[in-house]
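Asker: One structure is given below, represented as structure tokens, and several questions about it will come after.
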Amino acid sequence: MTEEDSDVERLFAAAIPQPAPAELRPAVIEAIAAELQVHAGNRRLAWQTRLGQAVAASVLVSTATFLGVSWSEARRMARWDERTVVRSYVVELTAAAASVTDDESARRVERYLLSRLQDGAQPTSTVTRKDLQEIQRWLEGQPLAERYQSNDTTQERI
Amino acid sequence: MQQLAARLARGETAAFAELYDCCANQLHYYLVVRLGARDAADDVLQETFLRLARSQRRFAAVENPVAYAFAVARNEVFRKRQRQGRERALLSAADLFEVTAHDDRQSREAAEVAAEALNRVSEEQREVIVLKFYSGLTFREIAEVTGVPQGTVATRYRAAIAQLRTFLTKERS
């Protein structure tokens, strides 16, 4: 405040401003308290919502992981079972081949079938099972399917 | 002030009561000057404190809660004016100053002249004068409240003082 505005200052100092009404204070403080309570309630609710979402997410992840592991394990077991079934089938076919031909031919049949089984490039269900069925039909005296007849190597190996 | 700001940010009702006791009178006076009516000032003062309570967390980043309260009150004035239509408030001595029938003639005259003086300056100048004289804010704080550079605040203040001096000289003569 400079000396120049001292007259202005004196004027405003002489006029005393009216204060806020006294009855306003309790009303305002009460309204503030209510507002803060609502605010705290909302914050608690938001925290609970976040917690609920976290629990739901963890349950979902756990379930998905469990299902994934179970599924891959089931697939692995199914593959293993299939091979076991096919191996016993090979033994049966070898015995059948020995009964209708000779031991040497039966061993060749067995070697061929086992080599196809060890070939992991294709699933046994799509390759070996068809081969086995075809060989079984051949052993029962039926003619070989056309694709086997044209495939000289298969016949030669058998 | 920093401690008060921290308590306000935590949402302590007692801290809000402290802030109210600290600046409600100055805020109310500022609102009467801006709105021209005590009833409207009552409403906006309550709205201001409710808004402060709703945005309590902002106090964590506030240096001066009083200046911040003035800034919020100023925004509330704009909101109210938008709702009701913008009009320049004409101030009366009875609304602004404590004038009773028991007051001496000199006090009553001072109140009349001061109210008239405030009516003579522009709204921006009036705001700076009130914030400086009656709210006790510094130029820096007024700049924060009004959102204009400190230099602009000082210029408005000087222009207002010059106008008021001219008015007072005329009144005396």
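The values are calculated or read from the model by the stated rules, or taken from the named source; none is laboratory data. None of the values given here were measured: they were computed from a predicted structure. As a convention, Cβ positions derive from the backbone with ideal geometry for all residues, glycine included, and neighbour counts pool all protein chains shown.
Listed here are the residues, each with its yes/no results for (1) basic (K, R); (2) under 21 Å from B:L131 (Cα atoms); (3) away from chain A (no Cβ under 13 Å).
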{"position": "B:A17", "(1), (2), (3)": "no, no, no"}
{"position": "B:C23", "(1), (2), (3)": "no, yes, no"}
{"position": "B:H28", "(1), (2), (3)": "no, yes, no"}
{"position": "B:L31", "(1), (2), (3)": "no, yes, no"}
{"position": "B:R38", "(1), (2), (3)": "yes, yes, no"}
{"position": "B:A61", "(1), (2), (3)": "no, no, yes"}
{"position": "B:N64", "(1), (2), (3)": "no, yes, yes"}
{"position": "B:F70", "(1), (2), (3)": "no, yes, yes"}
{"position": "B:R79", "(1), (2), (3)": "yes, yes, yes"}
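Asker: Next question, about the same structure. Looking only at region A:7-28, how many residues end up being buried (at least 21 other Cβ atoms within 10 Å of the Cβ) and assigned to a loop (DSSP other than H, G, I, E, B)?
Answerer: Adding up the residues that qualify gives 2.
Asker: Any residue at all in region A:36-47 that is modelled with pLDDT under 90, out of contact with any Leu (no Cβ under 6 Å at 6 or more places or on another chain), surrounded by fewer than 15 Cβ atoms within 10 Å (Cβ to Cβ) and of a type in the set (D, E, K, R)?
Answerer: Looking for residues that are modelled with pLDDT under 90, out of contact with any Leu (no Cβ under 6 Å at 6 or more places or on another chain), surrounded by fewer than 15 Cβ atoms within 10 Å (Cβ to Cβ) and of a type in the set (D, E, K, R), one finds at least one in region A:36-47, hence yes.
Asker: Scan region A:10-28 for residues that are closer than 25 Å to B:D104 by Cβ and either in contact (Cβ under 8 Å) with a residue 24 or more places away in the chain or more than 7 Å from chain B (Cβ to nearest Cβ) (or both) and jot them down.
Answerer: If the condition is that a residue be closer than 25 Å to B:D104 by Cβ and either in contact (Cβ under 8 Å) with a residue 24 or more places away in the chain or more than 7 Å from chain B (Cβ to nearest Cβ) (or both), then A:R10, A:A13, A:A22 are the ones that fit.
Asker: So how many residues does region B:115-158 have that are closer than 19 Å to A:L11 by Cα, without any contact (Cβ under 8 Å) to a residue 60 or more places away in the chain and of a type outside the set (D, E, K, R)?
Answerer: Count: 10.
Asker: Something else about it: What about A:P26, is it more than 42 Å from the chain's Cα centre (by Cα), under 30 Å from B:K132 (Cβ atoms) and at pLDDT 85 or above? Spell out the reasoning first.
Answerer: Working: more than 42 Å from the chain's Cα centre (by Cα): yes; under 30 Å from B:K132 (Cβ atoms): no; at pLDDT 85 or above: yes.
No: the conditions fail for A:P26.
Asker: Is it true that B:Q56 is within 14 Å of chain A (Cβ to nearest Cβ), in contact with a Lys or Arg (Cβ under 8 Å, 6 or more places away or on another chain) and more than 18 Å from B:Y30 (Cβ to Cβ)?
Answerer: Considered against the rule, which asks whether it is within 14 Å of chain A (Cβ to nearest Cβ), in contact with a Lys or Arg (Cβ under 8 Å, 6 or more places away or on another chain) and more than 18 Å from B:Y30 (Cβ to Cβ), B:Q56 comes out as yes.
Asker: Only one residue in B:L118, B:L91, B:L45 is within 14 Å of chain A (Cβ to nearest Cβ) and outside any helix (DSSP H, G or I). Which one? Write out each step before concluding.
Answerer: Details: B:L118 fails: outside any helix (DSSP H, G or I); B:L45 fails: outside any helix (DSSP H, G or I).
Residue meeting the stated conditions: B:L91.
Asker: Mind listing whichever residues of region A:79-116 are of a type in the set (A, V, I, L, M) and either surrounded by fewer than 17 Cβ atoms within 10 Å (Cβ to Cβ) or not in a helix (DSSP H, G or I) (or both)?
Answerer: Looking only at region A:79-116, we keep the residues that are of a type in the set (A, V, I, L, M), and these are A:85-86, A:90-91, A:93, A:95-98, A:100, A:106, A:109, A:113-114.
Scanning region A:79-116 gives A:V85, A:V91, A:A95, A:A96, A:A98, A:V100, A:L114.
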